[in-house]
1. Take the residue pairs A:LYS314/A:LYS384; A:LYS327/A:LYS425; A:LYS277/A:LYS314 and return only those whose Cα atoms are more than 28 Å apart.
2. Classify region A:297-422 as rounded, prolate or oblate, taking a ≥ b ≥ c as the square roots of the eigenvalues of its Cα gyration tensor: rounded when a/c is under 1.5, otherwise prolate if a/b is larger than b/c and oblate if not.
3. Can you tell me which aspartates and glutamates have their Cα less than 16 Å from the Cα of A:LYS89? Leave out same-chain residues fewer than eight positions away.
4. Between A:LYS384 and A:LEU166, what FRET efficiency comes out of the Förster formula 1/(1 + (r/R0)^6) with R0 = 56 Å and r the beta carbon distance, rounded to 0.05?
5. Taking A:LYS448 as the anchor, which lysines have their alpha carbon closer than 18 Å to its alpha carbon, excluding any fewer than eight residues away along the same chain?
6. If amide H atoms are built 1.01 Å from N in the plane of the peptide, which residues on other chains or at least 5 residues away come under 5 Å of the amide H of A:VAL326?
7. Let me know the charge dipole size of chain A about its Cα centre in debye, to the nearest 20, where only the beta-carbon of Lys, Arg (+1) and Asp, Glu (-1) is charged.
8. Where a Cα-Cα gap under 28 Å defines reach, which lysines qualify for A:LYS131, not counting those fewer than 8 residues away within the same chain?
Amino acid sequence: MKRTHHCNELRADHAGKTVTLVGWVHSRRDLGGLLFIDIRDREGRTQTVFDPSDLPKEICDQAAALHSESVIEVAGLVRQRPQGTENSKIPTGQVEVMVKQFTVLNHADVLPFPVDDPEIASKVNEELRLKYRYLDLRRPEMARNLRLRSKVATATRVYLDDQGFLEVETPTLFKSTPEGAREFLVPSRIHPGQFYALPQSPQQFKQILMVAGVERYFQLARCYRDEDLRADRQPEFTQVDIEMSFIDREDLYALIEGLLKRVWKTALNMDIPTPFKRISFEEALNRYGIDKPDSRIGMELNDLTDDFRSSTFKVFSGTIAAGGVVKAINAKGLACATQGQIETMTEYAKSFGAKGLAFIKVEGGEWKSPIVKFFSEAEKTALKSKLAIEEGDLILFAADQWLNACEILGKIRLYCAEVLKSQGKLTIDPTRFDFMWVVEFPLLSFDKEMNRWYSSHHPFTAPVTEDIPLLKTDPKKVRGQHYDVVVNGVELGGGSIRIHQPDVQKTIFEELLQIPAQETQERFGYMLEAFRYGAPPHGGIALGFDRLVAILCGTTSIRDVIAFPKTAKGTCLMTDSPAPVTPRQLRDLHIDVRAAKKEAPPAAPAV
RNA sequence: GGGGGUGUAGCUCAAUUGGUUAGAGCGCUGCCCUGUCACGGCAGAGGUUACGGGUUCGAGUCCCGCCACUCCCGCCA
């Protein structure tokens, strides 16, 4: 068997050539005498013709009995199609292969779902698609995603190699660092009762590589987090992990902008403008109510705190008196929102801790609202001008402490955008990509319940240099040298300049995070020690590779760009994992299982 | 852990207020068909309405439980 051409290769000037094609039976049209079979491989498809006047009956019968997706090999003569029978829908539509020899390489059973019909195949229950992932991946859309992912990975490697980066692999069997994401544990057979952890990210190793003098490191690194899944979160995922020595934030921005420019050019043949705009965490919250703004949908937040400071509407003025703020968005054209939708929004807002969701519907020239009667003329005028209120608008308010008020309206804003989209009142150009850097995150956040500070990003993030004195006096004000790269409301990645001075690192660990010295030593001792032996200033970033590819493929679910993804409950429907193991295996690992045993599934019926 | 959505033939979907034998398209099986490409024509098979209970003269439809898939909250340094 030697194929001479792939199935998207033959053109009119191949006429007269004898060729061999291999591939899958895409479709079969049996006219009783003449039989057409479209043979498909990953490149495309080609029509083959079985002519009974030319071939033994057995061959024609055998070919006529084939199911879709059987794998065949055909050899024959390429010829120009008879006039009037060309098919302009496919690139090989000018020619066909007159079959001389034919072999069935694998006879396919009837399929659980159609692979050839994109209309139906794209609507097939995802459960079925995951169970028969190999069939799902044959669909052109999925094959395209796999191919695009591969191209982006290669473009990334080439770009970073051009920039002098070394690709270094780091261990998958790591040590548990019980802070941050929940880890997957791997019991040690050789060391009874001890465990490895799968890395949440190669964070510590990449910093150590800087101490090791690598200067420029990258890796398409597999990371593992035992947390609940989302459309854009899987328990195992891939990061473009990057770390560099002797840099500041500007160097990093330039590097990543160059990388994304290259990737967008390679994948979509698009030139994205650089540098990306930059927005501080505070401004992002103030304007968009979220630290990963989608700037394509308008409806920015407005601050009305000053306007309602002495309002007779106590819900607002009272909140302000207690140190809170009043914010509002204008959902243009949403005055038609149903009672149900307003209720949904209110419930949604409440789930984030809002007490309620005040609103004004601007309909029929009047402001319909349960609260507007409390507003003075001056307050109404301020609203009207600040929010540019027009007929048909829906105004939504949040009154709360700053962060809460912002976040509530931020979520409501995204919800409104979805409603407007579904009503056709908001359309977004699918080729629009709004990149931005979100910067100046607070280094630390305070956990009221635990009564302690924790790292907003991770404990290795360097404070902004001029804020270092504030560490001991006013930790809340310390900004971190942290940055997130965001596109269209998706956090593509984040990173920071790291701490490379052992004393600053020690202050963070022991004085602010209040990790006891002994524990710091046990968990991070090797890092602190490494920093004592010549640690260069360094920083880096990690980009979510699955999210990156998903955006390029125009899908919201990273499952569409991962060959073998997990379900929302972390199972693999194709291999049926996770699964029980034998008592013998457990014994070797010194493990007793206390969980109730799941009942074994009934034996599969004989096929 | 919590909330929402979905589950009817192999696939995609329908089934009025709880009311006859649960339907359609595609696929599948058989027969016919020599220029189709969504080939066409005729005939046929195919259902534990996810699963387990309950209410009712009667349940795909209502109630309770449960499972799977999915979206979201929590969670994701």
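1. With Cα atoms farther than 28 Å apart: A:LYS277/A:LYS314.
2. Oblate shape, in that a/c is at least 1.5 and b/c is the bigger or equal ratio.
3. A:GLU9, A:ASP38, A:GLU43, A:ASP116, A:ASP117
4. For R0 = 56 Å, the calculated efficiency reads 0.40.
5. A:LYS476, A:LYS477
6. For A:VAL326, whose amide H was placed from the backbone, the distant partners under 5 Å are A:LEU304, A:THR305.
7. Using only the charged Cβ atoms, the result is roughly 680 debye.
8. By straight Cα distance, A:LYS131 reaches A:LYS123, A:LYS151, A:LYS566, A:LYS569, A:LYS597, A:LYS598.
Bear in mind that the values in this text are calculations on the coordinates, not laboratory data. Because the structure is predicted, anything quoted here is derived from the model rather than measured. Every residue, glycine among them, receives a Cβ derived from its backbone with ideal geometry; neighbour counts consider all protein chains shown.
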